[in-house]
Amino acid sequence: MNKKTHAQALADGDVKYYTGKPCVNEHLSTRYTRSRQCTQCHKERRKTDSVKKYNAEYRIKNRERILAQQKLSHYRNRDVTNPLRLAKYHATKHLPAEKAKKRAANARRRAVTRKASLPLTPAQQAQMEMYYEQAPIMSAALGIDYQVDHIQPLCRGGKHHPDNLQIITTTKNRDKFCTPPETRPIIRKTTQEQVCSINIIRHNNRDNKNG
């Protein structure tokens, strides 16, 4: 790696530069041109609980501002990012980890829509991610589709919180209704009964047309 001074990095327009000298924490790594901060120190600092807590609170307080900035950035760089994102999606959509991320994102969206989201500590966020990562692993190992379920449904006042989550089979999850028993939809017929009913209706319609 070529060694540079801060002045040379500024002149070349580099985002990072390497001095060849250790930082105050004895890291021999690159530094950010803008702040002169060691990149390794920056990574370690971001992993501390205090920084994670601050970032989580900041994202909650400034959610609309962050979304607006993301939309603007995506619009400005759409000619470059769209093909890359599409290629990555098709290459990784079948992976269990990607399925877990998608389900977790959908759960967060539903929680925000129903105002059921709560501020989470880094430990709680890690526990939440563990649930959504474990479900597809169990599905692949046991051959049964598992999903992360809210013990108390969001539509009944439940919160999107790790204490309100459990991993159950998809069948059991679908058996849980958000509507009262008296307003639940009528259970559909079995597949064989549906096929027979459809064939009878088609046969009657054909006879009416011919008549």
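Coordinate-derived values only; no laboratory data. Note that the structure is predicted; figures quoted are calculated from it, not measured. Using ideal geometry, Cβ is built from the backbone for each residue, glycine included, and neighbour counts are taken over all protein chains shown.
Quick look at the values:
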| item | result |
| --- | --- |
| Student exercise, segment 20-177 dipole from Lys, Arg, Asp, Glu Cβ charges, in Debye to nearest 20 | 780 |
| Within straight-line cross-link reach of LYS88, lysines at Cα separation under 28 Å, skipping those fewer than 8 residues along the same chain | LYS16, LYS43, LYS47, LYS52, LYS71, LYS99, LYS101, LYS102 |
| Anisotropy class of segment 6-46 from Cα gyration tensor, a/c 1.5 cut | oblate |
| Residues listed by number, segment 98-117, amide nitrogen under 13 Å from ARG59 label point at 7 Å toward C-beta | 104-106, 108-109 |
| Under the Karplus curve 6.51 cos²θ - 1.76 cosθ + 1.60, θ = phi - 60°, whole-Hz ³J(HN,Hα) for segment 162-169, x wherever Gly or Pro sits | x, 5, 10, 10, 8, 9, 9, 5 |
| Magnitude of the charge dipole, segment 96-179, Cβ model with Lys/Arg +1 and Asp/Glu -1, debye to 20 | 440 |
| Global form of segment 96-179, assessed from the alpha-carbon gyration tensor, a/c cut-off 1.5 | oblate |
| Net charge contributed by nearby residues that have their C-beta within less than 10 Å of LEU10 (K/R +1, D/E -1) | 0 |
| 5 angstrom amide H check on ILE168, placed H, neighbours 5+ away | GLN147, ASP149 |
| Simple label model, 7 Å out from Cα along Cβ direction - HIS6 to ARG45, nm | 1.4 |
| Gyration tensor verdict on segment 49-92 (Cα atoms; rounded if a/c is under 1.5, prolate if a/b is larger than b/c, oblate otherwise) | oblate |
| Whole-Hz couplings from phi, Karplus 6.51/-1.76/1.60, listed for segment 87-93; x for Gly and Pro | 5, 5, 4, 5, 7, 10, 5 |
| Note, ³J(HN,Hα) from phi for segment 60-69, Karplus 6.51, -1.76, 1.60, rounded to Hz, x at Gly and Pro | 6, 6, 10, 4, 5, 5, 5, 4, 5, 5 |
